[in-house]
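The values are calculated or read from the model by the stated rules, or taken from the named source; none is laboratory data. Keep in mind the model is a prediction, meaning the values are calculated, not measured. Ideal geometry is used to build each Cβ from the backbone, glycine not excepted, and the neighbour counts take in all protein chains shown.
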Amino acid sequence: MAAADQNRHDSAVRPRSYEDERYQDGFLEAVCDLKKAEVLQDVVLEVEGRRFPCHRLVLSAASPYFRAMFTSGMMESRQKTVVLQDLDAGMFGEILNYIYSGTLDVSLDKVQPLYQAADLLQLDYVRDTCSSYMAMNVHHSTCVDLYKFADVFSIDSVRNQCLQCICRHFSKVVSTEGFCSLNVTQLTEIISRDELDVKEETAVWEAVVRWVQHCKKDRLRHLPSILPHTRFNLMTPYNMVAILDHPLVKKNPGRSAIRNVVKETSNMKKRFGMDTLEMAVLFVHGDVDGNEERILFMNPREGKYISCSYTQDVRLLTWTVTVTSDNNIYILGIESLGYQLTVLEYSHAGNVWERASIPPIQRREYGRMSLLVEVDRILYCLLVDRSASNTTPLVEMTKYSWNTNQWQECSQLHVQADKEVTVVFRHLVVSCGSHLYFLRNTDIHHYDPTQDRWCKLTPPRLDHELEVCTAVSMGTEIFCTDMEFTKTMVYDTESDCWKELPGWPNSRDLASNNEPKLFVLENQLHVWLEPYRISTDDAEGNQIFVYDRSAGAWKELEATLPFKEYASDEPVCPVARMYLPGLNA
């Protein structure tokens, strides 16, 4: 036989390994069918009086707990009925459903007992899934309960996230019943943290008082060990005297030790909230390649102006920024030739942009404007068609689900094209209350998340040559103005009506290089303008106005901005509470 023929023959008879891709799913389906048909079951598990016929082999394959029970010669390995202790019958039914089908249903009301059952039965996948679900559902209304559970079971990822949430929303958390249910170790861990978002240290003392008084008979004795975690050096002498005169201190058996703690001075540093300031954020174009982003943080009333530069591996889309109700700052970045949008999150402590733990957003076509907004802690991404054509939806919208860590499609917005308009330059999206508003020069649409439905509202009725370029919400109202700042319009979301805000400045004196940008800072309406300049070296002339509603007039604020180039596509200046030490660093 020739060498070539011999090689072909050897190749033909060589042993091969084949894998049936359908076998795993088919096997699991067959096992599930056996359980439903109650065939070949050889053991009954009894939990809280409920009986669950099962297969020892299936249980042993799924759980090390059952494998040890049925293979180690224990008494249970020979019994027809095995009674399981310390388990919830309903949760055990969910566990069995997972063992036989591979499907796990998790919700906030059952995630804790489900984790507890999975921990006992040594089901790593169920345990890890429950941990991830809890971490995704940490909110100021759930963080204390989840923190206590994670503390007991040493789930560090959930525990740390809960502590961050408690610190960030301390003023809300201390008013809940959950806060009063903390044990003394958990309480002291919380009030000892630098990250507490409090403006004054007296807020920490008041939280301690509330916790003690909730069960004074049992908790009063803990006061001497709790108070050293309160930073009395950050209080005024008046506040310290008031604490020494407080009934909890006067009547406490350890009052001498308490008085010494209060009177002692220390060098304990400020809390996070004591070094924060509400600031408007102005995003500025980077270099020609888009590699460097410049951002100005400003609070004109406080005379604070801080500029920073950032270098990123993805190009920021500066009209997509949103500041959430939790004071998180998110922005979209472009990568993969513009067809993939990456969500970046600002780190207040590190003063850097980081990739958020949110999956990228796929765009069906290049060139659509991308907008990002939050409504009731839900992020929405809107891909907007700039043309006035009605051959495609004006808005394609998705929302991010924290539970599934996925983007889900929402109802699309279709509108009739305006025959007189070929291109629409401005599309504005505003979150107001629990709804979303999409605003153009010719119309306004309202999105109801509970109904997943768009509806058209009363349009602003601006002159045809004017174009709305900026809009913000405050309370139940939406404020907007045009490119020339000739008038400010107010939309009342409750009555669906527009009116003109009186007292706007003379726009002839406010001719601007860039469009005006509205923002709400410290619950007051502001507008930022950059006037025309003869020379780029001229640093004068930037104007910021605040609206005095009682006087019905715009008033100019002194604003000395630290650098000169302010070209930005962002239609508004988003506002966030910024950590000043991080910015200054």
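Things worth noting here:
- Pairing residues of the range 394-407 that are within 12 Å of Tyr380 (Cα to Cα) and in the same structural domain as Thr320 (by TED's automatic domain parsing) with residues that are among the polar types (S, T, N, Q) and part of a strand (DSSP E or B), at Cβ distances under 6 Å and at least 6 apart in sequence or on separate chains, gives Lys399/Gln408; Ser401/Gln408; Trp407/Thr398.
- Selection status of Arg231, surrounded by 21 or more Cβ atoms within 10 Å (Cβ to Cβ) and farther than 27 Å from Ser401 by Cβ: yes
- Qualifying residue in the range 164-187 (condition: within 18 Å of the chain's Cα centre (by Cα), over 24 Å from His222 (Cα atoms), among the hydrophobic types (A, V, I, L, M, F, W, C) and part of a helix (DSSP H, G or I)): yes
- Condition met for Phe170 (farther than 30 Å from Ser357 by Cα and either crowded, with 19+ Cβ neighbours inside 10 Å or in contact with a strand residue (DSSP E or B) (Cβ under 9 Å, 6 or more places away or on another chain) (or both)): no
- In the range 246-361, counting only strands (runs of 3 or more DSSP E) that sit wholly within it, the ones holding 2 or more residues that are modelled with pLDDT under 90 and hydroxyl-bearing (Ser, Thr, Tyr) span 304-311, 315-323, 340-347.
Condition check ((1) modelled with pLDDT under 55; (2) surrounded by fewer than 11 Cβ atoms within 10 Å (Cβ to Cβ); (3) within 30 Å of Cys455 (Cβ to Cβ)) across all residues:
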residue: Asp496; (1), (2), (3): no, no, yes
residue: Ser507; (1), (2), (3): yes, no, no
residue: Leu518; (1), (2), (3): no, no, yes
residue: Val527; (1), (2), (3): no, no, yes
residue: Asp537; (1), (2), (3): yes, yes, no
residue: Gln543; (1), (2), (3): no, no, no
residue: Val546; (1), (2), (3): no, no, no
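- Meets criteria (over 17 Å from Val47 (Cβ atoms) and among the aliphatic types (A, V, I, L, M)) for Val111: yes
- Near pairs, Cβ below 6 angstrom, 6+ apart or cross-chain, from the range 173-197 (under 11 Å from Arg210 (Cα atoms)) to any residue that is in a helix (DSSP H, G or I): Val174/Ala207; Phe179/Val144; Phe179/Val173; Cys180/Trp211; Cys180/His214
- In this structure, Arg219 qualifies as among the basic types (Lys, Arg) and either in contact with a strand residue (DSSP E or B) (Cβ under 9 Å, 6 or more places away or on another chain) or surrounded by 14 or more Cβ atoms within 10 Å (Cβ to Cβ) (or both).
- Scanning the range 476-494 for residues that are at pLDDT 90 or above and either among the hydroxyl-bearing types (Ser, Thr, Tyr) or in a loop (DSSP other than H, G, I, E, B) (or both) turns up Thr476, Tyr491, Thr493, Glu494.
- Top-ranked residue in the range 78-109 [being within 32 Å of the chain's Cα centre (by Cα) and β-branched (Val, Ile, Thr); ranked as surrounded by the most Cβ atoms within 10 Å (Cβ to Cβ)]: Ile95
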